[in-house]
1. So which residues in the range 106-129 are surrounded by 14 or more Cβ atoms within 10 Å (Cβ to Cβ), in contact with a helix residue (DSSP H, G or I) (Cβ under 7 Å, 6 or more places away or on another chain) and of a type outside the set (S, T, N, Q)?
2. Return yes when residue 295 is more than 17 Å from the chain's Cα centre (by Cα), among the hydrophobic types (A, V, I, L, M, F, W, C) and modelled with pLDDT under 95 and no when it is not.
3. Check 348, 331 and return the single one that is free of Cβ contacts under 8 Å to residues at least 24 places away in the same chain and hydroxyl-bearing (Ser, Thr, Tyr).
4. Name the residues in the range 291-324 that are part of a helix (DSSP H, G or I), out of contact with any helix residue (DSSP H, G or I) (no Cβ under 8 Å at 6 or more places or on another chain) and of a type in the set (Val, Ile, Thr), would you?
5. Going by the structure shown, is residue 362 closer than 18 Å to residue 475 by Cα and either of a type in the set (Asp, Glu) or assigned to a helix (DSSP H, G or I) (or both)?
6. Filtering the range 170-201 down to residues that are among the acidic types (Asp, Glu), surrounded by fewer than 18 Cβ atoms within 10 Å (Cβ to Cβ) and not in a loop (DSSP other than H, G, I, E, B), which residue is nearest to the chain's Cα centre (by Cα)?
7. For the range 332-352, enumerate the residues that are buried (at least 18 other Cβ atoms within 10 Å of the Cβ) and farther than 15 Å from residue 429 by Cα.
Amino acid sequence: MSDHNSVDRPVRVRFAPSPTGFLHIGGVRAALFNWLYARQKKGQFLLRIEDTDLERSEARFTEDFLASLKWLGLNWDEEPIFQSKRLDVYRQKAEELVSLGHAYRCYCTESEVESMREVAMKEGRKPQYDRRCRERKDTPAGMPYVIRAKLPLDGHVQFHDMIRGDIRFENVDLDDFVLIRSNGAPTYNLSVVVDDVESRMTHILRGDDHINNTPKQLHLYQFFNYPIPIFAHLPMILGPDKKKLSKRHGAVSANAYREEGYLPEALLNFLARLGWSHGDQEVFTMDEMIQYFSFDHVQKSSAVFNVEKLLWLNGAQIRLANPERLLQIVTDDYSHHFSQPALARAKTKIGVEMVKLIQPKVKLLKEMAEQLVPLCTPGAVEVVITGLKWEKDANLKIASKAAVKHIVEALGKKIEGAAPVQRSGPDSAWGNVPSLGDIGMTHQDIDAFLRQIGEQHGIKLGDLAQPIRLVVTGRLVSAGLFELLTIFPWDVVEARLRKVESL
């Protein structure tokens, strides 16, 4: 049995998670590689929910899959298939194999099968079912049974993997595996073959933990006389300790990364690079990933999850992102961080200008939200003065307060004669008081102005700017202070600068 590297029909691939847990990183990467391949080949990407394990499958996990894939932009092309709605189809297909002589009813109990395996292990053989029901002709009424595949006892099965090349299995090493359990539920290997054929899958792209399932599935394709798809088995993702990825490494729901403030394209960029490369390029747009993706450059060895790399990539993608989009995400996903007035002020042109200043400085959207909240809060904001240099220098504190008072009065006079600004729509949340930028001051002008005032009071610019930054932004480290001072309406700047007197 052999395989070919190309198909003469439109590419159709699928992502088929089981809703027995949340969608984790390994699953997302499998979905991504399928999606990239489908989009590159102008084919279809399908979603199948493998929920035949009725006891462990839960609707909340399915909802998590759908929400995660939508957030990531991994859109599917047809209605999702739910295996739990197709149980009769699988049973019918198993009975068809029995009638064709490729499967048989096995009446052995679980304890009997377990005993067979123990005996085989003691004798140095593979722990397999001993096939005692393989040629059984009687059908005892009322006795529970499973349906097993009737595999050849000699020869081999072989397939070509797009990543690993030719892989061969000897039939003698394969078990007569179960197709239908005694409770009537289908096993994975039967349901997956039936669905892949009925959905006209051309390629099966999945994790390498499924390699050992492939020979069993190839026999089923042959039994049914089905066309054999092309296979590619993706390398596993390991934790930094080179062990299987666990929750402490990052094997958590994809939605958890959204809550932390990762952009979907950053997570996908990171996962694409876990096991695939395109030269030395690290940062990719989605269009570039679609264009460049190739199984020729997917590595065979396991990839190591590196959260520092993910964080770095997120920062890089934030810097590339459209600021209006970033603002939309932050005000949607972190709306609970804002008061209603602050949220209203954030959703404005001034909010966009603030995002432009913040986005080069942060690696997570959560950090952007944390910086925007005090910036958009009306009036003065509460601050923590621990860390101000003047706390260790009483003379600096006195001089700084006097200098800031001087700044407020001098800038206030500049603003006095300016006409109100007509802010309309959402922008009206900021009122109609002009900003220093509205009266023509640039951040260079403010820089020079503060230096001049500082010199008059015997203070270096850095020492003077520190308390100003704290009261204006609510933080000792922030986006560009002078740029912010040109953006804020003067009434906000004045209220915040006057707070220096009370610190």
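The values are calculated or read from the model by the stated rules, or taken from the named source; none is laboratory data. This is a predicted model, so every value here is computed, not measured. All Cβ positions, even for glycine, are placed from backbone atoms using ideal geometry, and neighbour counts span all protein chains on display.
1. 127, 129, listed by residue number.
2. Spelling it out, residue 295 is indeed more than 17 Å from the chain's Cα centre (by Cα), among the hydrophobic types (A, V, I, L, M, F, W, C) and modelled with pLDDT under 95.
3. 331
4. The answer is 307, and nothing else.
5. In short, no.
6. The selected residue is 198.
7. 334
So that you can scan it fast, the table gives a plain yes or no per residue for (1) in contact with a helix residue (DSSP H, G or I) (Cβ under 7 Å, 6 or more places away or on another chain); (2) of a type in the set (Gly, Ala, Ser); (3) assigned by TED's automatic domain parsing to the domain that holds residue 231:
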{"residue": "88", "(1), (2), (3)": "no, no, no"}
{"residue": "91", "(1), (2), (3)": "no, no, no"}
{"residue": "99", "(1), (2), (3)": "no, yes, no"}
{"residue": "131", "(1), (2), (3)": "no, no, no"}
{"residue": "146", "(1), (2), (3)": "no, no, no"}
{"residue": "159", "(1), (2), (3)": "yes, no, no"}
